[in-house]
Amino acid sequence: MQHLKLPHALLSYEEKFWDTATANEIFGVLLTEISWEHQPIKLFGKTHLQPRLTAWYGDFAYTYSGLTLQPKNWHSLLLKIKTQIEQATGFAFNAVLLNQYRDGKDYMGWHADDEHGLGKNPVIASASFGTTRRFLLRKNDDHSQKQELPLSHGSLLVMAGETQSHYQHSIPKAMKVEGVRINLTFRKEGKA
């Protein structure tokens, strides 16, 4: 894995964690067998439908942006992917948030995965399948300090250390992008 050196952040990235044939198979199963939902969230006091489809699988309920997700029972493929990531990274996970970006109009705004229920300095393992999208990372106290990674089909990004405390990340709109991207962010319930 490629390690990115940033102040207060530990990031590791592997562009081809899964080979193309395996990534294609995973993508097909995720697209057709996951129970996708289009959930409303509360931002700045207003309720909107999220600009993407989501699903939550795991061992605990998860709350963000005024929305509490009750976990669905683990799908066998998600457990297999979780085990592969745990063996490769040495980190343990007990839930996964899935996001389906239907095209370039779907996006994820600036945020940190720093919810109270994830504990201090959570580790997030982000697996991507489908169309490549830009992943942006910026420092909380200096938005001019940005990093960009293309999250490609079959890639794995691991954010550890104090990344969630000192940085925000996003998947911006990409109007020329037409393909679907599915992202899995594995996490672990922890104590704050």
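Laboratory data are not the source of any read-out in this text; all were calculated from the coordinates shown. The shown structure was predicted, so the numbers you read here are calculated from the model rather than taken from an experiment. Counting neighbours? That spans all protein chains shown, and the Cβs are built from the backbone with ideal geometry, glycine included.
Numbers below:
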item: Cross-link reach list, lysines versus Lys146, counting only Cα pairs under 26 Å and skipping chain neighbours closer than eight places; result: Lys5, Lys16, Lys105, Lys120, Lys173, Lys176
item: Contact order relative to length of the chain, as percent, for alpha carbon pairs under 8 angstrom and 6 or more apart; result: 29
item: Estimated D of the stretch 23-130 in µm² per second, where Rh is the Kirkwood radius over Cα pairs and Stokes-Einstein applies at 25 °C, 0.890 mPa s; result: 162
item: Within the chain, helix-based [θ] at 222 nm, where runs of 4 or more DSSP H residues each add -39,500 (n - 2.57), nearest 500; result: -5000 deg cm²/dmol
item: Low-density loop cleavage sites - chymotrypsin sites (Phe, Trp or Tyr not before Pro) in the stretch 101-157, where at most 13 other Cβ are within 10 Å (DSSP); result: none
item: In the stretch 110-169, trypsin sites (Lys or Arg not before Pro) in a DSSP loop with at most 16 other beta-carbon atoms within 10 Å; result: Lys120
item: Cα-based shape type of the stretch 1-72, given that a ≥ b ≥ c are square roots of the gyration tensor eigenvalues and the cut on a/c is 1.5; result: oblate
item: Where the Cα pairs of the chain fall when distances are cut into 10 Å bins, in %; result: 9, 38, 42, 11, 0
item: Normalised convex hull volume, the stretch 103-192, alpha-carbon set, Å³ per residue; result: 89
